[in-house]
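Heads up, the thing below is written out as structure tokens.
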Amino acid sequence: MSGMTTGSRHDAVESEDDILVQLLQQHEQIRQLFAETMDSEGEAKQQCFDELRGLLAVHETAEEMILRPVAKRIAGKDEAEARNEEEAQANKALAELERLDVHSAEFDRKLAEFQRDVEHHAQHEEREEFPQIRAQCDIEDRRSMGRRLRAAERMAPTHPHPRTAGSPMAQWTVGPFAALLDRAKDAMRG
């Protein structure tokens, strides 16, 4: 991530809106939440998983809505579709994990598999998609996308919705309604 700024404090502050900085920070947060979920027990494990699930649902939805259309134009249709397909598969796996008891051996096994898949996906983005976005979009474009990403995250679902995953159009159409239902469900549980 250090390659994204020139190193001065002023540049670091200015780049906070950069979509790539935001997404890389979220990737690190996701990695940390996987580790915390795997290392936790009892109610703490459920809380860590709920935080991980919510972040992944919001993160992937916002990527599909904001980043992926630009990536399709810049990195190519095949690259964008490959990342969307990975996100659709991840959404299905996350929905399956959500139905399991977090204290079961099956949950631990499936979470470890899911972590490997999510890490593979993040590495593809970081090595193939993000560098092309960085090279083709100036900082003002990336900042504008970053602001739109934050707005999309505020209206994104907090639970997996496999039927809309992988489709930016479905995310724009159904996502806000699913988010309302998810947030109501979260409020009732919490």
Problem - Segments 140-147, 84-91 sorted - mean Cβ within 10 Å per residue, highest first - result: 84-91, 140-147
Exercise for the section: At 7 Å along the Cα-to-beta-carbon direction for both E119 and Q132, put a label point, then send me their distance in nm to one decimal. Expected result: 2.5
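None of the figures in this text is laboratory data; all of them are computed from the coordinates on show. The structure displayed is predicted, hence computed values, not measured ones. For neighbour counting, all protein chains shown are included, and Cβ atoms are generated from backbone atoms with ideal geometry for every residue, glycine included.
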